[in-house]
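Here the structure comes first, spelled out in structure tokens, and everything after it is commentary.
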Amino acid sequence: MKQLAQKLADGRPVVVDVPAPLLGDGMILVQNYYSVVSVGTEGATVRSARKNLIAKALDRPKDVKATLELMKRQGPVQAYRAVMKKLDAYSPLGYSSAGKVIDVAPGVSGFAVGDYVACAGVGYASHAEIVAVPVNLCVKLRPDADMRAAAYNSLGAIALQGVRQADLKLGEKCAVVGLGIVGILACQLLEASGVETFGIDLDPRAVEKARELGFNAQLRQTPGIENEALNVANGIGFDAVIIAAATSSLDPINLAGKILRKKGRVVVLGDVPTGFDRNPDFYPKELELRMSCSYGPGRYDLNYEEKGIDYPFGYVRWTENRNMQAFQELAYRGKIAVDSLTTHVFSLDDAPQAYDMILKRAEYFLGVLLKYDESKAPKRVDVNLRDSSPVDAHKGKIGYAFVGAGSYAQGSLLPNMPQGDLCEPIAILTKSGVSALRVAEKFHFQRVAKDIDDVLDDPNVDLVMIATRHDLHAKLLMRALKKKKRVFVEKPLCLTLDEFLEIRSLFASLGAENAPKIMLGFNRRFSPYSRYLKEALNPNLPMAISYRVNAGAIPLNSWIQDPVLGGGRILGEACHFVDYVSWLSGSAPTAVSAVAIPDPNALNDVVAIQIKMANGSIASIGYYANGSKSLSKERIEVFQGGLSAVVDDFKRIDIYASDGKIKTRKGVQNKGQATMLDSYVRDLKEGRDTIPPAEIFQNTLATFAVLDSLREGKVVSLAETKEYE
């Protein structure tokens with residue numbers, strides 16, 4: 001299918017051929033008929049992307065700061081990879097569209113193939129022939145709905161939420177500052193609800209368009225504009241001002257203060273600063289400042305938008321989905337003239353011309369639509385970047401496919417995959433075809449796959465590299481094993497004990513000798529600092545290990561913190577450190593206990609873990625999300641038979657011998673990813689296990705035991721607990 005995207009490096013919108021997006025749980029697949037270009041938001045995005053690198057940096061001070069911090073922690077190579085990943089990636093454009101349902105995920109109710117729908121959401125309702133959208137970001141349309149008008153879905157919901165935040169009653173008056181699409185839609189919604197409006201804008205053409213549509217509007221530059229506005233408001237001031245402009249100026253917020261009545265409300269709908277002058281308006285009038293969050297309640301809530309968990313009517317009357325429904329009903333009944341906003345319509349192939357027009361501003365525009373050819377269904381096929389080799393063309397190479405290619409995969413796995421006579425990149429599959437395309441180009445994959453069956457049924461794919469979100473790991477691993485593919489899973493192995501037992505049972509049923517080789521992304525044991533440390537230790541003596549992790553905080557709404565999608569940080573990351581202490585001691589964990597600082601969300605990301613090993617070794621893991629970023633992330637201390645050793649963030653190791661001598665090695669940070677992948681591929685060619693499956697299983701179980709100990713408040717014995725047998 002075709003999709004519009006841009007690269008941050010040059011900001012050039014291009015129409016690319018990509019596979020259709022994957023139909024995830026709780027989603028519907030939609031063939032777009034129309035999508036709306038948000039001339040404000042998308043225009044600003046493209047304008048910023050077309051700037052040079054220095055200007056880009058000035059526009060993104062937070063990104064620059066994060067890059068400098070990454071360089072300090074992990075070195076220039078990782079920082080460079082992180083920057084280039086952003087610059088080179090294809091970013092989808094668009095977030096408001098309408099079309100016809102062509103597929104529905106199992107378990108989804110309320111939608112059927114053939115329904116007409118309006119869609120919303122960045123990364124979902126894109127400018128593409130086919131989009132995959134979660135159900136709470138879709139609304140069903142009437143069979144005879146105007147699809148052009150319906151495509152304004154997102155923008156209409158944004159405007160409607162702003163009107164709701166203004167909380168105006170019949171007969172009250174409202175000024176709207178900024179007469180772009182959202183501002184004009186807000187005016188229409190206000191007038192439809194019996195509120196008199198007064199529009200203000202800097203652009204004479206915008207003011208003229210508002211007047212053509214029947215609204216009272218004036219230029220901001222008009223002499224005495226404040227007095228004229230007050231006259232419209234009967235001399236007492238407006239009940240509310242909705243700011244739908246986008247600017248770095250404080251003028252809109254201060255203008256609002258001047259034309260509001262006492263105890264009036266300012267609703268910030270656009271991207272404007274709020275550092276208003278306290279006097280002479282905001283303080284004496286006791287004005288109220290309200291923010292309007294996008295489409296409404298539910299926005300940016302993972303449970304609502306991705307999992308489809310709705311808010312009850314009795315407590316949240318107007319969610320983002322109900323705002324969309326209300327907007328579509330008003331448009332259908334002709335209460336608002338949505339299609340009167342459309343000034344330009346482009347085909348998808350001509351979409352780059354639309355952005356050129358928006359940036360040059362050579363002519364007036366308001367609503368800009370992209371039209372798709374709905375007479376034929378787009379083909380849902382893979383995309384070949386180079387000729388596919390015959391099955392026997394690898395000549396001893398291992399052909400691999402990546403399923404998932406997020407930040408970690410692009411920064412630490414893909415660049416370190418062995419090449420030459422060892423490996424051949426075959427296929428890449430990600431949730432979004434447009435994201436997969438650039439990864440395929442950059443890392444020289446033969447093709448972008450259309451779905452997981454396309455990967456697993458490919459005889460050229462010997463090895464499947466799973467780097468998706470954690471909730472898919474177990475499912476994909478088992479499907480790959482059943483297809484007799486070798487599998488690398490970026491940790492964790494799975495998120496539930498039931499999944500673990502199913503994986504272990506499947507692996508056993510395949511037979512220890514015949515089962516495909518599996519590998520988990522426990523890279524730290526492959527660091528040269530780790531190998532040097534282990535060589536210095538006596539394998540016959542027990543040791544005491546202290547592993548401190550200054551993990552840093554992750555927001556509550558991150559998918560990593562979600563127990564279903566990410567499993568939390570113990571399963572998602574602390575499994576690394578459980579594996580490490582087991583490997584370093586050369587022995588399996590036998591007992592685990594853990595305590596965590598209580599927190600209202602039960603994140604368990606400030607936790608102290610104690611582990612006893614079968615050979616008498618002991619380990620303590622301190623996983624702390626409440627520390628300072630200025631401290632190094634990881635520090636390992638080991639004590640054994642008069643010897644002490646310290647590994648500092650995998651940049652330096654100091655070994656203190658019993659005779660007082662100190663051996664030191666230091667260099668750039670190296671957490672072992674390259675060595676891990678090279679060892680794994682070479683071991684595959686020789687038929688060896690890089691990490692024995694028994695170790696993968698035992699250390700995964702020990703991580704589950706950490707959660708059990710936290711939940712039950714006791715020591716968990718892996719030998720005596722039935723589930724761990």
* To do: Just need a number here: residues in segment 96-112 that are open to solvent by 30 Å² or more (accessible area, probe 1.4 Å) and closer than 17 Å to SER375 by Cβ.
  => 2
* Out of VAL345, VAL267, which single residue is crowded, with 21+ Cβ neighbours inside 10 Å and either part of a strand (DSSP E or B) or hydrophobic (A, V, I, L, M, F, W, C) (or both)? -> VAL267
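Using the structure shown, decide if GLY660 is in contact (Cβ under 8 Å) with a residue 24 or more places away in the chain, more than 29 Å from ILE554 (Cβ to Cβ) and surrounded by fewer than 14 Cβ atoms within 10 Å (Cβ to Cβ). Before the answer, list the steps.
Numbers: in contact (Cβ under 8 Å) with a residue 24 or more places away in the chain: no; more than 29 Å from ILE554 (Cβ to Cβ): yes; surrounded by fewer than 14 Cβ atoms within 10 Å (Cβ to Cβ): yes.
Here the answer is no, as GLY660 does not meet what is asked.
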* To do: Identify the single condition in (1) outside any strand (DSSP E or B); (2) under 38 Å from the mean Cα position of the chain (by Cα); (3) not β-branched (Val, Ile, Thr) that LYS612 does not satisfy, given that it satisfies every other one.
  => (1)
* Asked: When segment 426-461 is examined, which residues are found to be more than 27 Å from TRP559 (Cα to Cα) and either among the hydroxyl-bearing types (Ser, Thr, Tyr) or surrounded by 21 or more Cβ atoms within 10 Å (Cβ to Cβ) (or both)?
  -> ILE426, PHE445, GLN446, ARG447, ASP458, VAL461
* Looking only at segment 500-523, decide whether some residue is touching a Gly at 6+ places or on another chain (Cβ under 6 Å) and not in a helix (DSSP H, G or I). => no
* Positions within segment 387-405 being at pLDDT below 90 and either surrounded by 15 or more Cβ atoms within 10 Å (Cβ to Cβ) or closer than 24 Å to ARG12 by Cα (or both), in sequence order -> SER388, SER389, HIS394
* To do: Determine the pairs where a residue that is outside any loop (DSSP other than H, G, I, E, B), located within segment 291-317, has a partner that is aliphatic (A, V, I, L, M) with Cβ atoms under 6 Å apart, the partner being 6 or more residues away or on another chain.
  => MET291/VAL268; ASN303/ILE309
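Going by the structure shown, is ASP471 open to solvent by 30 Å² or more (accessible area, probe 1.4 Å), charged (D, E, K, R) and over 22 Å from the mean Cα position of the chain (by Cα)?
On the way: open to solvent by 30 Å² or more (accessible area, probe 1.4 Å): yes; charged (D, E, K, R): yes; over 22 Å from the mean Cα position of the chain (by Cα): no.
Here the answer is no, as ASP471 does not meet what is asked.
Let's see how each residue does on (1) more than 17 Å from PRO492 (Cα to Cα); (2) in contact (Cβ under 8 Å) with a residue 12 or more places away in the chain:
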position: PHE639; (1), (2): yes, yes
position: ASP648; (1), (2): yes, yes
position: ARG652; (1), (2): yes, yes
position: LYS666; (1), (2): yes, yes
position: GLN669; (1), (2): yes, yes
position: LEU684; (1), (2): yes, yes
position: PRO692; (1), (2): no, no
position: ILE696; (1), (2): no, yes
position: LEU701; (1), (2): no, yes
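Can you tell me how many residues in segment 615-640 are assigned to a loop (DSSP other than H, G, I, E, B) and either over 19 Å from SER530 (Cβ atoms) or touching a Phe, Trp or Tyr at 6+ places or on another chain (Cβ under 6 Å) (or both)?
Taking segment 615-640 as the starting set, the residues that turn out to be assigned to a loop (DSSP other than H, G, I, E, B) are 615-617, 625-633.
Applying the additional criterion that residues be either over 19 Å from SER530 (Cβ atoms) or touching a Phe, Trp or Tyr at 6+ places or on another chain (Cβ under 6 Å) (or both) yields 616, 625-631.
Within segment 615-640, residues that are assigned to a loop (DSSP other than H, G, I, E, B) and either over 19 Å from SER530 (Cβ atoms) or touching a Phe, Trp or Tyr at 6+ places or on another chain (Cβ under 6 Å) (or both) number 8.
How many residues, within segment 7-26, are in a loop (DSSP other than H, G, I, E, B) and on the phi < 0 side of the Ramachandran plot?
Kept after step one, since they are in a loop (DSSP other than H, G, I, E, B), are these residues of segment 7-26: 8-12, 18-26.
Next, only the ones that are on the phi < 0 side of the Ramachandran plot stay: 8-10, 12, 18-25.
So the count comes out to 12.
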* **Hits in segment 277-295 - residues which are crowded, with 19+ Cβ neighbours inside 10 Å and either touching a Phe, Trp or Tyr at 6+ places or on another chain (Cβ under 6 Å) or farther than 18 Å from GLY237 by Cβ (or both)** => PHE282, SER292, SER294, TYR295
* Collect the residues in segment 27-48 that are assigned to a helix (DSSP H, G or I), open to solvent by less than 10 Å² (accessible area, probe 1.4 Å) and either of a type in the set (Asp, Glu) or under 26 Å from LEU302 (Cα atoms) (or both), keeping them in residue-number order. => GLU42
* Asked: So ASN540 clears everything in (1) assigned to a loop (DSSP other than H, G, I, E, B); (2) farther than 23 Å from GLN610 by Cα; (3) open to solvent by 60 Å² or more (accessible area, probe 1.4 Å) except one condition, right? Which one?
  -> (2)
* **Top-ranked residue in segment 122-135 [being open to solvent by 20 Å² or more (accessible area, probe 1.4 Å) and farther than 15 Å from VAL36 by Cβ; ranked as modelled with the lowest pLDDT]** => GLY123
* Of residues in segment 713-725 being open to solvent by 40 Å² or more (accessible area, probe 1.4 Å) and either modelled with pLDDT of 95 or more or not in a helix (DSSP H, G or I) (or both), the one nearest to PRO418 (Cα to Cα) -> GLU725
* Asked: Looking at segment 218-241, is at least one residue over 30 Å from THR343 (Cα atoms), among the aliphatic types (A, V, I, L, M) and in a loop (DSSP other than H, G, I, E, B)?
  -> yes
* Find the residue count for segment 176-212, including only residues that are open to solvent by 50 Å² or more (accessible area, probe 1.4 Å) and either outside any strand (DSSP E or B) or in contact with a Ser or Thr (Cβ under 6 Å, 6 or more places away or on another chain) (or both). => 9
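The values are calculated or read from the model by the stated rules, or taken from the named source; none is laboratory data. Predicted model, so just to flag it, every value in this text is computed and none were measured. Heads up, the Cβs are rebuilt from the backbone with ideal geometry, glycines too, and the neighbour counts pull from every protein chain shown. Ligands, DNA and RNA are excluded from the accessible area calculation, which covers all protein heavy atoms including side chains. Shrake-Rupley method; radii C 1.70, N 1.55, O 1.52, S 1.80 Å.
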